[in-house]
Every structure is written in C-alpha cells, then in structure tokens.
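Working notes, structure below.
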Amino acid sequence: MDRNRIYLLAAAGLGAVVVAVVLIIVGIGGGSSGTTTNDGALVLPTPSLAGIPQHGDILGKPSAPVTVQVFEDPQCPYCREWNVDTLSSVVANYVKTGRIKLQYRGIEIISANSVDGLRAIYAAAQQNKLWQMVDALYARQGEENSGWITPDLIKTAATVAGADPAKIASATSSAAVNTMLKDSVDAAKAAAIGGTPSFVVQRPPALPTQLQLAGLDPASFAAALNTVLQ
Amino acid sequence: MRLRASIAAAALIGGAIAAYLTYVHYSHTVPICVSGGCETVQKSKYAELDGVPVALLGLIAYVALIATTVIRGIVPVFASVLIAFVGVAFSGYLLWAQLGPIGAICQWCVGNDVVIAIVAILCVVRMLTEPTPAE
C-alpha cells in the first residue's frame, strides 16, 4: 500500500478534526444574539409596552377587530428570535394603531420545564404583566432541556417584568393559571398547531387562519399579516 | 469506477435528505417525522451555525462530494476524504446534541449520520485503492 496515501489519510483526519472543532465552536458561540447586561441577561430590543392596554393574556385595545394568537414555548429559540426581531414592529404598526390585538398562547413543545415558565407567565397575566414576563424570560433563555427555568430565575424575571414575584410564586398553581394553560392547549389543538412559534389570525365571523410565513423577520411577518387583513 | 459511482449514489441520498431539511427550514414547515422529535431538533439552536442552517451546509458538502467523484486524481480524492471526515465529526456532534441537550431524535439526522458514515468509508477505500492518472 502506498505510504503517501496513508499520510494523506492521516492529514485528512487531522484537518477534519480541526475544521469540525472550529464549526462546533462557531455553533456554540452563535447560538444567541443580542447585547448583555451586567447580570448576564440579554437585553431584548422589545417594544416599550407602556401605554398599550394589557389585560390577562391580551395585548392591545379590546376593540381591535382582529385577534392574532401567538403560540410560543418559552424554551423555543425561534420564539425568542421572533420576539427579538419582529414583535417591536408588530406592536408599533398593528397593535398600537388598534388594527390587531395579540393573545399569548403558551404551549409545551420542548419539555416539562417549559410548563414551569408558562405557569409563571400566566401567573404574571393575573397582574397584567404577561408580555413583560415573556420578555424577561426570553432575555434569560438558556439551553433547551437544561432546566434553566428555575424558581430563582422566575423570581428575577418577575422583578424585571415589574410584577410581584411573591404573587407570581403563589399563583403558578392557581385555578386561573390552570385554566389559561388548558385554554392554550385546546386552542393549539383546534388550530392544529404543530410547532412554535405559530400565529393564528381571527377576524370574526371568519374562521381562524394560521399565518403562512416565509420567515420570522418583520417584513415577512407583515407581508403575511397584510394578506390576511386585506 | 464502481467505487466512485457508489460514493456519488450515497452522496445523492444524503443530499436529498439535506435538501429536504433545508426546504423545511426556509419554508417554516413541519418535517415529516416518525421519531417524534424532528421539529424539536429542527428548531433547536443546533440546527443553525452562525445563522446558516446546518442542513444547507450538509447539502453543499454532498454536492462537493459528488463533484469529487467526476474528477480523477489525488486532489479530489483527498478533498472527498476531508469533506467526509468533517461530515462524520460534525454529525457525531449533532447526534450528541440530540441525545443530550436537545433530548429529541430526528430520523432525518440519524439517516444522514448513516449515509455520511458510509460515504466516509467509501472515500477512504477510494483513497487507498484508486490509482492516480500518473500511476
């Protein structure tokens, strides 16, 4: 057997290991975006929710003719991406102007730890701070299935969200939270939601329509939404 | 010739899997799945490399592997082994991610793991046995 071929084979193996390690490092480093605060949490460029009516899981004017249900899992990286990249423009162009209202629909897609987050989120809804709580959790989103949604993290997120952490802790297992969780699961089943984030537009008396998105960026979302709103 | 055809055929299968997953990624559709974890894997942070879907990188790699089978000489042979080895190493990393942090298995990824392993073996055999034009 040609010895040079053996050397080339060894060189290819070595080169492959180097390339693979670089790719893995890039992959690990590129997993999240955004700037970081002193406490290590990401600051999301979310809209200022101040002045926008918020009641329970609804964000926007109650009179808005169209409801957009937002199906999310707090552990889902793509949900976070949508919140980071697109929510601001949706709030500014559609919610603030009274064209639509958003309804948060939290469902477990990743693992049971998601439910811990969802309970905290729906507990914050009791204080009309659901959307801030969603934001605060995404700002601290950790590795999927790593158990990052801990009582301590919920407490910190609740404080940042401007909610009362003690009230959130006591409300996570309340009947109201259980009902909201069940409503979300039922809504997901009714809309045949297969993953997150998903968006369902409802303008009575028309039947709910799931948004068909070309991407999660603001332009793609606006294009899909405008098609349904026409 | 038969060895190169085998590599091209296996790479074609791998390329088809990668092309499907690339389509799923960009169309934001749900992949056909019997293992139950495809969507979880596809939507995990491991499905992208600095914003680029790993499925697209896989597709590019398989196209490059097919290209190496139509050219004779030691350079394309070396390139095919290098690409296949990188593929095996990175597939191993993604398999670890599925079994560990993600906690879900995607049948398409496992299928790709098998294909790239076969391609790597065939590429090694080709390197050790194929005569160069000068030989």
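The values are calculated or read from the model by the stated rules, or taken from the named source; none is laboratory data. None of the values given here were measured: they were computed from a predicted structure. Neighbour counts are summed over all protein chains in view; Cβ atoms, including those assigned to glycine, are modelled from backbone coordinates with ideal geometry. SASA here: full protein model, heavy atoms, side chains in, ligands and nucleic acids out. Shrake-Rupley method; radii C 1.70, N 1.55, O 1.52, S 1.80 Å.
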Heavy-atom accessible area of residue A:96, protein chains in place, probe 1.4 angstrom, given in Å² to nearest 10, is 120
Expressed in nanometres to one decimal, the distance between label points 7 Å along Cα→Cβ at residue B:110 and residue A:167 is 4.8
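From the mean inverse distance of alpha carbon pairs (Kirkwood) and the Cα radius of gyration, derive Rg over Rh for the range A:158-205.
Working: Rg = 14.6 Å, Rh = 13.1 Å.
Computed over Cα atoms, the ratio is 1.11.
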Share (percent) of C-alpha pair distances in chain B greater than 19 Å works out to 48
Once residue A:112 and residue A:152 are pulled to full extension, the length gained, defined as 0.36 nm per residue separation minus their Cα-Cα distance, is 12.7 nm
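Do the sum for chain A: with -39,500 (n - 2.57) for every DSSP H run of n ≥ 4, divided by all residues, what is the mean residue ellipticity at 222 nm, to the nearest 500 deg cm²/dmol? Provide the component values of the computation, followed by the final result.
Working: 9 runs with 108 residues, N = 230.
Per the formula, -14500 deg cm²/dmol.
Order B:1, B:127 by their accessible area, 1.4 angstrom probe, all chains in place, largest first. List each step's numbers first, then the result.
Numbers: B:1 160, B:127 0 Å².
Putting B:1, B:127 in descending order of accessible area: B:1, B:127.
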Expected field for residue A:2, accessible surface area in Å² at 1.4 Å probe radius, rounded to 10, holds 60
Mean-square fluctuation maximum in Gaussian network of chain A, Cα pairs under 10 Å, restricted to A:206, A:12, A:112, hits A:12
Here the relative contact order (percent) of chain A, from C-alpha pairs under 8 Å and at least 6 apart, is 22
Charge dipole of chain B built from unit charges on the beta carbon (Lys, Arg +1; Asp, Glu -1), centred at mean Cα; most positive-end Cα among B:104, B:120, B:69 is B:69
From most to least accessible, 1.4 Å probe, no ligand or DNA/RNA atoms counted, B:32, A:52 line up as B:32, A:52
So, for the Cα atoms of the protein assembly as shown, Rg and Dmax in Å stand at 24.2, 81
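Find the all-direction average of the projected area of the Cα convex hull for the range A:35-229, expressing the result in square nanometres with one decimal place.
10.2
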Rounded to the nearest 10 Å², the accessible area of residue A:107 using a 1.4 Å probe with every protein chain kept is 10
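Roughly how big is chain B's charge dipole about its Cα centre, with Cβ charges of +1 (Lys, Arg) and -1 (Asp, Glu), in debye to the nearest 20? Please report the intermediate quantities before stating the final value.
Numbers: 6 positive and 6 negative charges, 41 e Å.
For chain B, the charge dipole is close to 200 debye.
Helices from chain A with mean Kyte-Doolittle at least 1.6 and a Cα length along the axis of 24 Å or more, per DSSP H: which? Don't skip to the end; give the middle numbers.
On the way: long enough: A:3-29 (39 Å, 1.93).
TM-like helix candidates: A:3-29.
Heavy atoms only, 1.4 Å probe, whole protein assembly: order B:90, B:78, A:199 by accessible area, highest first. It would help to have the intermediate numbers written out before the result.
Values: B:90 25, B:78 55, A:199 0 Å².
Ranked from most to least accessible, the order is B:78, B:90, A:199.
Mean residue ellipticity at 222 nm from the helices of chain B, using -39,500 (n - 2.57) per DSSP H segment of n ≥ 4 over the full residue count, to the nearest 500 deg cm²/dmol?
On the way: 5 runs with 94 residues, N = 135.
Counting only the DSSP helices, I get -23500 deg cm²/dmol.
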With Cα springs under 10 Å, the Gaussian network model of chain A assigns the largest mean-square fluctuation among A:19, A:200, A:70 to A:19
